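Worksheet: one structure, shown below.
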Amino acid sequence: MASSQFGLDSRKWFERSLPQTLQIGLWLLYINGAFALIEYLDGTDDLGYLRGRSALGALVGIVVCVLFIGSGYLIANEKKLGYNMAIAAAFSPYVVRFWAYTDFENRMGVSVSLCLPNHSQMRYPL
């Protein structure tokens, strides 16, 4: 068994003794991390936009990818830190999207609504 000084097994990426819901959540962390990495490298969507805008955006993109994949790895190795990282990873798309849209608004001088319009703005057909 490959074990490090921190009690992490480099070959343990999935924990079969977890409840089924947590096992599915673990796989979803890995899948979201893979898609976040593709989005970051491809230069599309929010992570790609922020990567192209600044060095801080590039760093945040890497941190988001590490949060998803790292939290899954730590949960599989039964570390409590993994659960906290998974919560941060779950909220990270909202924070990144808000940052990207506000930056785009400031840069272009246009308003991008993140909310649904109120009822007075909607027109219903007769």
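Read-outs: derived from the displayed coordinates by stated rules, not from any lab. What you are looking at is a predicted structure, and each value in this text was computed from that prediction instead of being measured. Every residue, glycine among them, receives a Cβ derived from its backbone with ideal geometry; neighbour counts consider all protein chains shown.
Set the Förster radius R0 to 25 Å, insert the Cβ-Cβ distance between L56 and E78 as r into 1/(1 + (r/R0)^6), and round the FRET efficiency to 0.05.
E(calc), rounded to 0.05, equals 0.15.
Quick one: the Cα spread of region 13-95 along its three principal axes, in angstroms, biggest first?
Projected onto its principal axes, the Cα set of region 13-95 covers 43, 19, 19 Å.
Using the basic label-point model (7 angstrom from Cα toward the beta carbon), what is the I38 to F91 distance in nanometres?
With each label placed 7 Å out from Cα toward Cβ, I get 2.8 nm.
Extending each Cα 7 Å along its Cβ direction at W27 and V63, get the distance between those two points in nm, one decimal.
3.1
Taking H placed 1.01 Å from N in the peptide plane, check which residues at least 5 places from W13 or on another chain put their amide H under 5 Å from its amide H.
none
Can you give the relative contact order of region 13-95 as a percent, counting alpha carbon pairs under 8 Å and 6+ residues apart?
In percent, rounded to a whole number, it is 28.
Would you kindly derive the ³J(HN,Hα) couplings of region 16-22 from the backbone phi angles with the Karplus curve 6.51 cos²θ - 1.76 cosθ + 1.60 (θ = phi - 60°), listing them in order in whole Hz, with x for Gly and Pro?
Residue by residue, region 16-22 yields 6, 7, 6, x, 4, 4, 5 Hz.
Using packing as a proxy for protection, rank 18-28, 96-106 so that the peptide with the highest average count of other Cβ atoms within 10 Å comes first.
Most protected by this proxy first, the peptides run 96-106, 18-28.
Loop-only check: which trypsin sites (Lys or Arg not before Pro) in region 14-84 are DSSP coil with at most 13 other Cβ within 10 angstrom?
R16
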